[in-house]
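Scroll down for the structure; my scribbles are underneath it.
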Amino acid sequence: MRRNPKELGRLQKRFTRRALFVGGLQAVFMGGLAMRMRYLQVEQADQFRLLAEENRINIRLIPPKRGEIFDRNGKIIGQNTPSYRIVIVREDAGDVDAVIANLSKLIPLQEEELERARTEMRRSAPFLPVTLADQVTWEDISKVAINAPALPGITPEVGLTRHYPRYEDFAHVVGYVGPVSDYDLSKMEDPEPVLMIPRFQIGKVGLEAKKEDLLRGKAGAKRVEVNATGRIMRELDRREGQAGADLQLTVDADLQQYVQARLSGESAAAVVIDVETGDLRAICSAPSFDPNLFVRGISVADYRALIEDKYRPLSNKSVQGTYPPGSTFKMITAMAALEAGIVGPNDTVYCPGFLKVGSRRFHCWKRGGHGHMDLENSLKQSCDVYYYDLALKVGIDRISEMARTFGLGIRHDLPMSAVAEGLAPNQDWKSRVHGQDWLVGDTANASIGQGYMLASPLQLAVMSARIATGRSVTPRLVKSINGVEQPSGAGEDLPVNRNNLQQVQKAMFAVSNDRRGTAYRSRIIEDLYRMAGKTGTSQVRNITAAERAAGVIRNEDLPWERRDHALFVCFAPFDKPKYAVSVVVEHGGGGSKAAAPVARDIMLQALYGGTPPLEAYPVADRERIKEQQKRLEGDHRPRARPDEKDRA
């Protein structure tokens, strides 16, 4: 059948277009293939030649530099120091045991370290490096580097580790870092890859833990070329990480060191707060410990020694410890009564040595009584009956509310571990927690800081600062982050009558400066730095009626664990307050004897910015203070503890 010439022309044109389209596609494909082949064979020839020789490209994380910690004057508290170590990559080593055996012929390896490394290898990815030996010498590093061909998967490295150059002084404040544990990872929803690096260090307690996100920084990465034995041939490229933030604290390292030394030999705590800003200038707990022991893993022997010490060196008594505040709480009871209009500064209460409430007698510390007491004299001589009487009139709810106004019974937001809330109980609290009605006897006990009432040394320092200024002073520990100043803790005016507050301040001045004041022997002589304060003694045992009849046993005659706690709070200078101090000496006995002298010495050290002149002390104390200053300046080692002295 013959086709029409026109139809044949159309078919020929259609075929030509299709042929051209297919040919174009083939040309594009062949051109792309040729370009790819040129890229692989010419531009990437070196890299693939090395791979053909059994080399491999690895990507490894670069741990970030941890932020450092400084005191308010720029002195280093937590720093990074170089650390030489030997690591192994399991998938590069092949026969791990054989490689470790060869390595042990070159450098000493501890069996405990090797067992820890094997544990880490079992839980880590095979391409992650695991530390076999830490803190090795440069000579050991050299031996390993020279023998690298015979040690597949073994690499000498230099890294950074944490060091605390102030040792015990900041252990409870800064805390310490340690290797990431399975427990740490279990608390995180999506752990960062850098945390999976064996022995990567993170904050465990204290500021190091609370500010971990700021201090850690962000990891970097590097591409390295390794040969068949796992030896790094060269670094191909690197992306640096982001260093952690540097933190500057409000604490003065020199004052902190002095306070820690002054508390040495006691189970005690002390807090110094700047009443103008809320800055914590010193916050100490004794005894302390060396945080460097925990950085790479503390030994069993060292840890057992710490946890078996009855003075509890691992416990941060300054913020974690809560104690009945004793007579240091009487200012709160007085303010509650004054604000309620129940008592005036000149109104008196008769003290015969006890107050009978129902069928029970609530005793004053002075067996024969104080006689007629007004506000100033009751605080100056620490009469208990005066405050029993006030409390029964004002009620526990008003007292509890006043306690919270002055910083008690609330948790202050500080980046430290286990900051206690304390307790300022009221009727609702007892009903809710104990399922019991509040009793009038509970109110009497609470009025003198006993019973359910609990406060930490930090809270007592805040209370003193608020009494001194009339403002809601809030404690501040971090002064700046990467040079950026943090908000002040100066606070706003408290919702209390200034005249009432001045009456309490005046009575506290009499405590330390009147001859009949309970802290008169621990006064400051220098007129510019006169101190106002309040002693406190917190009972830790019940005194039976039989014991009272026979005579209460002196603290000195009791075992250390049954003695009363000693407390003292103060602020100075009285006319223009600068610092407030609180001191708690566990089982120290009377506050006037055990706590007030310590607080006075700390206050003078803070006010003078160093060792104060002897002229600031009472004449009778100067020779003893002179010897004490020499000892504290030249020797910060722990002194004998009270129970050790008793045994001697």
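Just one of the listed residues (Val300, Val272, Val357) is modelled with pLDDT under 95, under 30 Å from Ile396 (Cα atoms) and of a type outside the set (Phe, Trp, Tyr), namely Val357.
Could you look through the stretch 339-375, keep only residues that are under 24 Å from Glu401 (Cβ atoms) and not aliphatic (A, V, I, L, M), and pick out the one that is surrounded by the most Cβ atoms within 10 Å (Cβ to Cβ)? Talk me through it step by step, then tell me what you get.
We begin by selecting, within the stretch 339-375, every residue under 24 Å from Glu401 (Cβ atoms); these are 339-345, 347, 349, 355, 357, 362, 375.
Restricting the remaining residues to those that are not aliphatic (A, V, I, L, M) gives 339, 341, 344-345, 347, 362.
On the way: Glu339: 18, Gly341: 10, Gly344: 13, Pro345: 16, Asp347: 13, Phe362: 21.
That would be Phe362.
Could you tell me which residue of the stretch 401-454 is surrounded by the fewest Cβ atoms within 10 Å (Cβ to Cβ), considering only residues that are in a helix (DSSP H, G or I) and of a type in the set (S, T, N, Q)? So the residue we want is Ser431.
Out of the residues in the stretch 305-349 that are in contact with a His (Cβ under 9 Å, 6 or more places away or on another chain) and of a type in the set (Ser, Thr, Tyr), which is farthest from Gly590 (Cα to Cα)? Taking the candidates together, the pick is Thr348.
With respect to Val99, determine if the residue is hydrophobic (A, V, I, L, M, F, W, C), assigned by TED's automatic domain parsing to the domain that holds Asp169, over 41 Å from the mean Cα position of the chain (by Cα) and modelled with pLDDT of 85 or more.
Numbers: hydrophobic (A, V, I, L, M, F, W, C): yes; assigned by TED's automatic domain parsing to the domain that holds Asp169: yes; over 41 Å from the mean Cα position of the chain (by Cα): yes; modelled with pLDDT of 85 or more: yes.
Criteria met by Val99.
Exactly one residue among Gly441, Gly435 is on the phi > 0 side of the Ramachandran plot and either at pLDDT 95 or above or out of contact with any Pro (no Cβ under 9 Å at 6 or more places or on another chain) (or both), and that residue is Gly435.
Return the only residue of Ser299, Ser264, Ser285 being closer than 30 Å to Tyr452 by Cβ and not assigned by TED's automatic domain parsing to the domain that holds Gly217.
The conditions single out Ser285.
Taking the criterion of being in a helix (DSSP H, G or I) and farther than 17 Å from Ser264 by Cα, the residues of the stretch 566-602 that qualify are Gly591, Ser592.
Here is a yes/no grid of residues against (1) small (Gly, Ala, Ser); (2) surrounded by fewer than 17 Cβ atoms within 10 Å (Cβ to Cβ):
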site: Lys187; (1), (2): no, yes
site: Gly203; (1), (2): yes, no
site: Glu208; (1), (2): no, no
site: Glu225; (1), (2): no, no
site: Val251; (1), (2): no, no
site: Leu263; (1), (2): no, no
site: Ile273; (1), (2): no, no
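Taking the stated definitions as given, is Ser464 in the same structural domain as Leu263 (by TED's automatic domain parsing), assigned to a loop (DSSP other than H, G, I, E, B) and either at pLDDT 95 or above or not acidic (Asp, Glu) (or both)? Here the answer is no, as Ser464 does not meet what is asked.
In the stretch 123-222, counting only helices (runs of 4 or more DSSP H) that sit wholly within it, the ones holding 2 or more residues that are on the phi < 0 side of the Ramachandran plot and out of contact with any strand residue (DSSP E or B) (no Cβ under 8 Å at 6 or more places or on another chain) span 138-146, 182-186.
If you go through the stretch 159-184 and keep only what is over 21 Å from Val136 (Cβ atoms), more than 14 Å from the chain's Cα centre (by Cα) and aliphatic (A, V, I, L, M), you end up with just Val180.
Only one residue in Gln135, Gln110 is in the same structural domain as Val224 (by TED's automatic domain parsing), within 25 Å of Ser299 (Cβ to Cβ) and touching a Phe, Trp or Tyr at 6+ places or on another chain (Cβ under 9 Å), so which one is that? After ruling out the rest, the residue left standing is Gln135.
Inclusion of Val584 among residues that are at pLDDT 95 or above and surrounded by 20 or more Cβ atoms within 10 Å (Cβ to Cβ) is warranted. Looking at the stretch 562-589 only, could you name the residues that are closer than 20 Å to Lys380 by Cα and free of Cβ contacts under 8 Å to residues at least 40 places away in the same chain? Hit for the stretch 562-589 is Ala566, nothing else. Could you tell me whether Val259 is in a strand (DSSP E or B), closer than 18 Å to Phe568 by Cα and aliphatic (A, V, I, L, M)? So Val259 fails the test. Can you tell me which residue in the stretch 530-565 is farthest from the chain's Cα centre (by Cα), limited to those that are surrounded by 13 or more Cβ atoms within 10 Å (Cβ to Cβ), at pLDDT below 75 and assigned to a helix (DSSP H, G or I)? Of everything passing the filter in the stretch 530-565, Arg548 is farthest from the chain's Cα centre (by Cα).
Looking at Leu280, is it surrounded by fewer than 19 Cβ atoms within 10 Å (Cβ to Cβ) and of a type in the set (A, V, I, L, M)? So Leu280 does not fit the description; no.
The values are calculated or read from the model by the stated rules, or taken from the named source; none is laboratory data. This is a predicted model, so every value here is computed, not measured. Glycine also receives a Cβ, built like all others from the backbone with ideal geometry; neighbour counts cover every protein chain displayed.
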